[in-house]
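Okay, so here's the structure we're looking at.
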Amino acid sequence: MSDQVGFVTMAGPKAEGQAPEIGVGMLGYAFMGKAHSNAFKKIPYMIYPPPAIPKLIAIAGRNQEAVAEAARRYGYEGYYTDWRAMLDDPRIQLFDNGGPNNIHLEPVVYAAQKGKHILCEKPLGRTAEEAKAMLDAVNQTGVKAMVAHNYRFVPALRLAYELISSGKLGRIYHFRAVYLQEWIMDPNFPQVWRLDASVAGSGSLGDLGSHIIDLARWLVGEPATVMASTKTFIKGRPRPEGGTGVVDVDDAFAAVVEFQNGALGTLEATRFAKGRKNYEMLEINGENGSLRFDMENMNNLHVFWADAPKETQGFTNVLVSESYHPFWKYWWPQGHIIGWEHTFVHEIAHLLDAIVNNTSIAPYGATFEDGYRNAVVGDAIAESANSGRRVDIKY
């Protein structure tokens, strides 16, 4: 007689206590659509047990051929060429807006009015006025809404947040951050939507600066004043359809920030830093120590403690990959590092948990209030650069 055990199928009715399904509708299918879709598909088997099972219902975009291909590639059940029709679909409970900045406001407000939970890419609005309209919409309807500031979900940065919020660094004196890229330095690089103020709102300020503004507010506190300069190095770009287009956004900015708690900070972002691919670096100096982080080495946090023995005092490179470090229980043995794409897994899982268990997006995730305040700071930086004077931050 054979000892072989028969095959047992896992198909069939849902087991008691199984995570609920949440239907997802996504607007946009390019860079962020790809990153978010990858995260949705990883969550059920990596964030285990998952707070919810994302069900990829539909993806929306204007180009029918391209959006149909995106739906096939990423595994959505179908697609729409009209985002309103997608948001009218009762199967969709979570709206993921990964479209260009000029299509954040109207779809987000519509989704909130339809009772859909929302994940919106940064910057939330092209201006603080737009961001405030989206904040008001979600406040009025009570849906869960999060801005996709995924760098809050880097394990090393979450560890930095925990060290600062615990008081271990003591009083914070300095915050400095740079975000450097090089991808538009070629004068023949075309005028894509990120170089058009009517679509993007701003250039490096909204694209890169919004990330470091968010980290400054999250890690240190509210800014009180800013003094800034912006620069556009190449003011004309070839249009894809022919001719030359005017570049009316900033290529770079630099700002000095004073925080409400007395800390002094600097923020700088550019897309004209030759050799820099995605270099986001920040350093925080407190009375008891300092922290330093570099996104291109994202599994490391450099830590200096003032009370360390004099003979061994210096910055220590902490490899943030131990089982007790943030998020690491979901991944690999220590030293087996994770990457940029995993931040979206952590981020979206956090949102799903908030939806299913009615928990708060804050303080770990960026709320729409955070998105609005981020936009206020960005507008103040632009105002300071245009006026040549210091600007107070007023929410």
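Brief remarks follow.
- Residues in the stretch 269-320 that are assigned to a strand (DSSP E or B), under 19 Å from Gly170 (Cβ atoms) and charged (D, E, K, R): Glu283, Arg292.
- Options His342, His336; residue that is surrounded by 20 or more Cβ atoms within 10 Å (Cβ to Cβ), at pLDDT 95 or above and either within 27 Å of Arg292 (Cα to Cα) or of a type outside the set (Gly, Ala, Ser) (or both): His342
- From the list Lys55, Lys41, the lone residue that is within 21 Å of Asp353 (Cα to Cα), in contact with a Leu (Cβ under 8 Å, 6 or more places away or on another chain) and either outside the structural domain of Arg194 (by TED's automatic domain parsing) or part of a loop (DSSP other than H, G, I, E, B) (or both) is Lys41.
- For Ser166, the stated conditions hold: it is under 30 Å from Leu319 (Cα atoms), surrounded by fewer than 20 Cβ atoms within 10 Å (Cβ to Cβ) and modelled with pLDDT of 95 or more.
- Qualifying residue in the stretch 168-185 (condition: without any contact (Cβ under 8 Å) to a residue 40 or more places away in the chain, part of a loop (DSSP other than H, G, I, E, B) and over 21 Å from the mean Cα position of the chain (by Cα)): no
- Listed by first and then second residue, the pairs with beta-carbon distance under 7 Å, at least 6 apart or on different chains, first residue in the stretch 62-81 and in the same structural domain as Pro100 (by TED's automatic domain parsing), second of a type in the set (S, T, N, Q) and assigned to a helix (DSSP H, G or I), are Tyr74/Ser37; Thr81/Gln64.
- Of the residues making up the stretch 186-212, just one is crowded, with 19+ Cβ neighbours inside 10 Å, of a type in the set (Asp, Glu) and either outside any helix (DSSP H, G or I) or on the phi > 0 side of the Ramachandran plot (or both), namely Asp196.
- Positions within the stretch 341-395 being assigned to a loop (DSSP other than H, G, I, E, B) and in contact with a strand residue (DSSP E or B) (Cβ under 8 Å, 6 or more places away or on another chain), in sequence order: Ile361, Gly365, Thr367, Arg389, Arg390, Ile393
- Among the residues of the stretch 251-278, those identified as crowded, with 17+ Cβ neighbours inside 10 Å and within 18 Å of Asp186 (Cβ to Cβ) are Asp251, Ala252, Thr270, Arg271, Phe272, Ala273, Arg276.
- Among the candidates Thr367, Thr343, the residue that is touching a residue at least 60 places away in the same chain (Cβ under 8 Å), under 18 Å from Tyr330 (Cα atoms) and of a type in the set (Val, Ile, Thr) is uniquely Thr343.
- Residue within the stretch 144-162 that is assigned to a strand (DSSP E or B), touching a Gly at 6+ places or on another chain (Cβ under 9 Å), more than 26 Å from Asp250 (Cβ to Cβ) and not acidic (Asp, Glu) present: yes
- Number of the exception - Pro50 against (1) in contact with a helix residue (DSSP H, G or I) (Cβ under 7 Å, 6 or more places away or on another chain); (2) outside any loop (DSSP other than H, G, I, E, B): (2)
The values are calculated or read from the model by the stated rules, or taken from the named source; none is laboratory data. Nothing here was measured: the structure is a model prediction, and the numbers come from that model. Glycine gets a Cβ as well: all are built from the backbone with ideal geometry, and neighbour counts include every protein chain shown.
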